[in-house]
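Coordinate-derived values only; no laboratory data. Keep in mind that this is a model prediction, so the values were computed, not measured. Reconstructed Cβ throughout: ideal geometry from the backbone, glycine too, with neighbour counts over all protein chains shown.
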Amino acid sequence: MLFKQSLFQSVLDRLDSEEDTSEEEEAAHRIRGLNVSFAATVLGGETPEAHRPDEAYRDNLGDPIITPEPQPAPQEPEPPVMPEHLSRISREEVAAELAITSDLTREALQEKRRSFAKANHPDSVAALFREQATARMTLANQLIDEAIRRLKR
């Protein structure tokens with residue numbers, strides 16, 4: 001023990017005293033009054049806010065930059081027109097379009113399903129006509145499935 005203090009307590013006292021002197025040294029190197037941003041004036045008395053960085057580019061470019069005229073607002077697109085085949089949604093019309101006969105093989109029926117789906121699938125038509133396309137696809141799938149079941153008998 002040094003001077004009636006433990007070794008730990010003397011180390012703490014020494015650290016406190018070193019901390020006090022380092023704050024005094026830092027304060028001596030600071031410049032008072034410059035704790036806010038510094039903005040100088042440029043030659044010609046212009047302030048930095050008035051001086052635009054793109055002006056230097058324009059000076060070197062030579063020709064004046066022509067700004068494009070504002071474009072008129074785009075017109076609203078016309079609503080899509082429903083394809084004629086989507087209006088035929090009765091079972092008889094879809095059956096006539098598929099032209100299923102009793103002599104068709106399973107592969108031929110599957111090919112009819114694919115070609116019908118290519119032209120009528122709801123994902124390939126406008127959102128306004130998806131209900132009609134879904135109805136047509138449902139009917140076509142039912143008719144083709146019935147024809148395939150008849151083949152198995």
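For the reader, a short list of remarks on this structure follows.
- Pick from the stretch 94-112, criterion out of contact with any Leu (no Cβ under 9 Å at 6 or more places or on another chain) and within 15 Å of residue 150 (Cα to Cα), ranking: surrounded by the fewest Cβ atoms within 10 Å (Cβ to Cβ): 103
- Restricting the stretch 120-153 to residues that are in contact with a helix residue (DSSP H, G or I) (Cβ under 7 Å, 6 or more places away or on another chain) and of a type in the set (Gly, Ala, Ser), the residue that is surrounded by the most Cβ atoms within 10 Å (Cβ to Cβ) is 133.
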